[in-house]
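Enquirer: For reference, the structure I am asking about is given below.
The values are calculated or read from the model by the stated rules, or taken from the named source; none is laboratory data. No experiment lies behind these values; they were computed from the predicted model shown. Every residue, glycine among them, receives a Cβ derived from its backbone with ideal geometry; neighbour counts consider all protein chains shown. For the accessible areas, the whole protein counts, side chains as well, though only heavy atoms, and no ligand, DNA or RNA atoms are used. Shrake-Rupley method; radii C 1.70, N 1.55, O 1.52, S 1.80 Å.
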Amino acid sequence: MSEYEREARRGRLDELVAAGIDPYPARVGERESIAAVRSRFDAASGDELEADAPQVAIAGRVMARRKFGKLIFLELRENGDSLQVSVKKQEVDAEIFDFAKSIDLGDFVRVKGPLWRTRTDELTCDLREIELLAKSLRPLPEKWHGLSEVETRFRQRYLDLLVNPDARRIALARSRIVSAMRSVLESRGFIEVETPVLQPLYGGAAARPFSTHHNTYDQDLFLRISDELYLKRLVVGGLDRVFEIAHVFRNEGVSRKHNPEFTMMECYQAYADYKDMMDLCEAMVRSIAETVLGSAQVEYQGVVLDFGVPWPRISMRDAIRERTGVDILEASDAKSLRAAIAEAGRDPGEGATWGVLVDDLFSEAVEPGLIQPTFITDHPVELSPLAKRSTEDPRLVERFEVFVAGMELGNAFSELNDPIDQRARFEEQRLAHAAGDLEAHPLDEDYLRALEHGMPPTGGLGIGVDRLVMVLTNAPNLRETVLFPHVRPEG
């Protein structure tokens, strides 16, 4: 936008004030929504409107303007709905015509007049009255596309929503997806709760936190990386089915699948295990897709994903063995696994432990190929300090991750409720942190104290809301699904 154009708009604002017109009035006169007008009259023919022209009053932002000498057309938009407005010089006072002619794109106005149809059959309000509701001092963008505009789109999301129909579509779909998710859980007896965002000790995930300071208590605090440990405290307290749709914060990089602030749904169900959570996860996502999109088949980036059929349940061992030929349970220590990976013609990477080598191998060789919804079960115990050990192999835990379109969508455990084992796991994590693993889980004495009071067998499930919205709205980038994603500093 040129400074000249901005100054020109400011000049028109000054002229309005000098003429005694309030450019930002506090009240809006009688009107009905554009959606209501369209609902009542979209089916009316031009002859019907001409025979008995209904008077309507509407308000909205001026999104387009065309001038044809003594005829002006405006497009008014309100909450996503648009209606054309015509201004005919011979049918209104000169003062009204000149005022309509001076309206800028982006201005908010209220207009009143009869409805008619143009020769192209466009439903149109023939303006008889007009009042300014809010003056725009900056123009709307004329073009909004191309890679060079991506950062600007996210930085000025309000403009993106105004001129990019796809941005608005995703925003509305996200709201419906979250509503449908909440509905599924409530129908199954879960109650929605809220847990602290500021925590004296972060936990519940392997991630680096953001930190802050409480001045009154002279206390260092962390933005939560998960709400897991607080939700399980509630299960200890007798709230048997709880969930939270929570903002969580992880001090990590930004990518197509990552944003430092994101939304996670976590739920916990007493007297359940990870297999029960598999059933819940599958039913929930299927129900959300059918409710919001009308179908369990969803197109994502040119591939049809089918949430309606039973989702495969594959152990991590079998998934890796099928893709690479490496049997992670046969190569049961870091040295032998590193050798097996190299023998299979792959770079074992820098993983220092057996569990990290397994995770890296899976992420590189298996995860990108998991396109249809798939459960991957039975993860290494050292990567899952909050999950119950497998009764079949103590090196593994009762855990699954669900993958769709080559990315993790959710994570679930049979929750570890043995306080002795949990303390030992925390101690192992503390040693890992001392050895340089900055994402290792801290030891939480208060959580251990809660477990010592007793927690029933419990299943827990977390689903990344932003990634679920990505998949269900065919968005190529997670930041498209977040109204205000994190962006790099200007300049």
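Enquirer: Per residue of the stretch 407-415, what does 6.51 cos²θ - 1.76 cosθ + 1.60 with θ = phi - 60° give for ³J(HN,Hα)? Whole Hz please, x for Gly and Pro, Karplus curve as stated.
Expert: These are the phi-based 3J(HN,Hα) values: 8, 5, 10, x, 8, 8, 9, 7, 5 Hz.
Enquirer: Follow-up. Taking amide H positions as placed 1.01 Å from N in the peptide plane, with prolines and chain starts having none, which residues 5 or more places from Asp107, or on another chain, fall under 5 Å of its amide H?
Expert: Val62, Ser136
Enquirer: Cβ neighbours within 10 Å, averaged per peptide: list 103-112, 397-406 in order, most packed at the top.
Expert: Ranked from most to least packed, the peptides come out as 397-406, 103-112.
Enquirer: Could you check the simple spin-label distance between Ala18 and Asp220, using points 7 Å along Cα→Cβ, in nm with one decimal?
Expert: Label at Ala18, label at Asp220, 6.1 nm between them.
Enquirer: Could you give the dipole magnitude of the stretch 371-478 about its Cα centre, charging the beta-carbon of Lys and Arg +1 and that of Asp and Glu -1, in debye to the nearest 20?
Expert: 220 debye
Enquirer: Residues of the chain: accessible area per residue at 1.4 Å, in Å²?
Expert: With the other protein chains kept in place, the chain gives 49 Å² per residue.
Enquirer: For the stretch 25-135, build the charge dipole from Cβ charges (+1 Lys, Arg; -1 Asp, Glu) around the Cα centre, then report which of Gly46, Ile72, Gln90 sits farthest towards its positive end.
Expert: With unit charges placed on the Cβ atoms, the residue in question is Ile72.
Enquirer: Per 0.36 nm of contour for each residue apart, how much would the distance between Glu408 and Asp333 grow if the chain were fully extended, relative to their Cα-Cα spacing?
Expert: Net length gain for the segment: 24.4 nm.
Enquirer: Moving on. I need the phi-derived Karplus couplings for the stretch 358-371: 6.51 cos²θ - 1.76 cosθ + 1.60, θ = phi - 60°, integer Hz, Gly and Pro marked x.
Expert: Each residue's phi maps through the Karplus curve to give 4, 5, 5, 5, 4, 4, 7, 9, 10, 3, x, x, 8, 8 Hz.
Enquirer: Carbon and sulfur: what percent of the stretch 254-349's accessible surface (1.4 Å probe)?
Expert: 46 percent
Enquirer: Positive end of the dipole of the chain, charges at C-beta (+1 Lys, Arg; -1 Asp, Glu), about the Cα centre: which of Pro196, Ile177, Val242 has its Cα farthest in that direction?
Expert: Comparing the listed Cα positions along the dipole, Ile177 ranks first.
Enquirer: Would you compute, from DSSP H runs of 4+ residues alone, the mean residue ellipticity of the chain at 222 nm, taking -39500 (n - 2.57) per run and dividing by the full residue count, rounded to the nearest 500?
Expert: Here the helix-only value at 222 nm equals -10500 deg cm²/dmol.
Enquirer: Right, here's the next one. Would you give the gap between the C-alpha center of the stretch 447-467 and the C-alpha center of the stretch 381-442, rounded to a whole Å?
Expert: Cα centres, the stretch 447-467 to the stretch 381-442: 12 Å.
Enquirer: Report, to the nearest 10°, how far helix 274-293 tilts away from the longest principal axis of the Cα atoms in the chain, using its own Cα long axis and a range of 0 to 90°.
Expert: So the helix axis and the longest Cα principal axis differ by about 10 degrees.
Enquirer: May I ask you to rank Glu445, Glu122, Glu50 by accessible area, largest first, using a 1.4 Å probe over the protein chains only?
Expert: The most accessible residue leads, giving Glu50, Glu445, Glu122.
Enquirer: For the stretch 388-405, what does the Karplus curve 6.51 cos²θ - 1.76 cosθ + 1.60, with θ = phi - 60°, yield as ³J(HN,Hα) per residue in whole Hz, taken in order and with x for Gly and Pro?
Expert: 6, 5, 5, 6, 9, 8, x, 6, 10, 10, 7, 9, 9, 10, 9, 10, 9, 6
Enquirer: Amide H to amide H, which residues 5 or more places from Val242 or on other chains are under 5 Å from it, using H placed in the peptide plane?
Expert: Ile191, Tyr268
Enquirer: Taking amide H positions as placed 1.01 Å from N in the peptide plane, with prolines and chain starts having none, which residues 5 or more places from Ile225, or on another chain, fall under 5 Å of its amide H?
Expert: Gly203, Phe249
Enquirer: For a quick protection proxy, order the peptides 19-27, 218-226, 475-483 by their average other-Cβ count within 10 Å, most packed first.
Expert: 475-483, 218-226, 19-27
Enquirer: Straight-line reach only, C-alpha to C-alpha below 19 angstrom: list the aspartates and glutamates that Lys89 could link to, leaving out same-chain residues fewer than 8 apart.
Expert: Correct list for Lys89: Glu75, Asp98, Asp104, Asp126, Glu129, Glu131.
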